[in-house]
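Below: one structure, written as structure tokens.
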Amino acid sequence: MNNQLSVQHLLGIKDLTPEDIQLIFKHADEFKDVINRPIKKVPTLREITIANMFFENSTRTKLSFELAEKRLSADVVNFSASGSSVSKGETLIDTVNNILAMKVDMVVMRHPNPGAHQFLSQHVNTTIINAGDGTHEHPTQALLDAYSMREQLGELQGKKVLIVGDIKHSRVALSNIFCLQKLGAEVMVCGPSTLIPKHIAELGVQVSHNLDEALAWCDVANMLRIQLERQGSDNHVANFPSLREYSMRFGLSKAHLDKLDKKIIVMHPGPINRGVEITSDVADSEHSIILDQVENGVAVRMAVIFLLAAKIKRN
Ligand code: NCD
């Protein structure tokens with residue numbers, strides 16, 4: 001196996017090779033051992049400084065990156081758009097260049113605009129990790145999701161993964177589709193037709209509008225949140241009649257799982273809207289690996305940061 005990533009930045013899963021993903025998993029296995037030791041830290045990145053720049057809300061992803069950085073002994077600075085000079089009219093390139101002038105080596109960024117990271121990577125001289133760009137990609141979420149599935153099922157070749165919910169506005173959906181396909185899994189998406197992009201089948205995924213049938217097909221069901229904040233001009237009221245109606249047709253409940261003649265794995269990237277996309281008894285059941293996903297997120301992000309930092313030193 002190659003011991004280096006093929007990319008300088010993590011902008012999206014689309015750019016990674018299957019070997020890159022396996023290399024990240026191999027290092028994540030080692031870092032998972034580290035974070036389960038009494039001293040959860042290694043001195044590996046003592047000479048690296050990382051800026052976390054969040055232009056959108058985040059709980060899990062922000063904390064997870066920060067912990068991953070600290071457990072690698074990197075120096076960390078945090079920036080959030082509210083309260084910053086962004087509201088005074090500063091451009092993204094200027095903001096980032098000012099932060100880089102303070103000798104920052106790597107930027108982890110979440111931004112509402114799809115493609116913001118790609119754009120920045122062409123205009124500033126630093127390593128960039130995408131922590132979510134609008135409705136486009138969320139690569140580390142897809143990596144930690146696939147890593148968590150692999151922990152339960154072994155290699156994902158031939159495994160059947162169902163993604164349910166707001167496929168149209170969710171960056172987790174697109175990154176998961178790319179990642180799972182690169183690992184040889186089959187993917188099906190399920191939701192109301194108004195929340196599924198028209199041409200999604202061209203990506204090689206199956207489409208269902210019937211949750212029971214889709215659940216009978218899958219080994220894993222990844223339940224996504226309705227992105228109420230991203231419905232934009234196509235206001236959610238136009239996409240489905242009400243949250244209550246949505247949850248009746250596409251919310252996962254214990255009754256669905258009891259009907260199956262097999263045990264499937266249930267996932268959710270968080271934040272959960274209990275009672276909308278998933279009921280509490282499912283979220284807290286033995287089927288659910290939601291908190292394993294969160295635990296694995298730190299190890300997977302340590303692996304990504306470690307591998308990209310190795311490329312900085314080499315150049
Ligand atoms: C996701 C996100 O921000 O895209 N959450 C996360 O990173 N854990 C999913 C979501 O917001 O629904």
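Each value in this text was obtained by applying a stated rule to the coordinates, not by laboratory testing. Quantities reported herein were computed from a predicted structural model and do not represent experimental measurements. Positions of Cβ are generated from backbone atoms using ideal geometry, with glycine treated the same way; all protein chains shown enter the neighbour counts.
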Could you work out the relative contact order of the chain? I mean the mean sequence separation of Cα pairs under 8 Å and 6+ apart, divided by the number of residues, in percent.
20
What helix-only [θ] at 222 nm does the chain give? Using -39500 (n - 2.57) per DSSP H run of at least 4, over all residues, to the nearest 500, the answer is -12000 deg cm²/dmol
Identify all lysines with a Cα-Cα distance to K40 below 17 Å; exclude those on the same chain that are fewer than 8 residues away in sequence.
K32, K70
The set of residues whose placed amide H lies less than 5 Å from the amide H of V77, leaving out same-chain residues fewer than 5 positions away, is I50, A51, N52
Find the Cα radius of gyration of the chain, compare it with 2.2 N^0.38 Å by division, and give the number to two decimals.
0.99
For the chain, size of Cβ-based charge dipole, Lys and Arg +1, Asp and Glu -1, in debye
520
Extension gain Q122-D258, at 0.36 nm per residue separation less the Cα-Cα distance, in nm?
43.9 nm
What is the Cα centroid distance between region 200-271 and region 276-300, reported in whole angstrom?
15
Using θ = phi - 60° and the Karplus curve 6.51 cos²θ - 1.76 cosθ + 1.60, what whole-Hz ³J(HN,Hα) does each residue of region 200-211 get, with Gly and Pro shown as x?
4, 4, 5, 7, x, 9, 8, 10, 9, 10, 10, 4
Read phi for every residue in region 130-143 and hand back ³J(HN,Hα) as whole Hz from Karplus 6.51 cos²θ - 1.76 cosθ + 1.60, θ = phi - 60°, with x for Gly and Pro.
7, 9, x, 10, x, 8, 8, 10, 9, x, 5, 5, 5, 5
How high is the relative contact order of region 176-254, given as a whole-number percent (alpha carbon pairs under 8 Å, six or more residues apart)?
28
By count of other Cβ within 10 Å, fewest leading, how are T126, T59 ordered?
T59, T126
For region 104-120, just list the computed ³J(HN,Hα) in residue order, Karplus coefficients 6.51, -1.76 and 1.60, θ = phi - 60°, integers in Hz, with x standing in for Gly and Pro.
9, 9, 8, 10, 9, 10, 10, 9, x, 8, x, x, 4, 6, 4, 4, 5
By Cβ neighbour count within 10 Å, fewest first, C190, C218 rank C218, C190
May I ask you to derive the relative contact order of region 139-293, considering only C-alpha pairs under 8 Å and at least 6 residues apart, and to give it as an integer percent?
24
Name the lysines eligible as straight-distance cross-link partners of K259: C-alpha to C-alpha under 22 Å, and not fewer than 8 places from it in the same chain.
K159, K160
Dipole axis of the chain (+1 Lys, Arg; -1 Asp, Glu on Cβ), positive-most option in L243, T135, G158:
T135
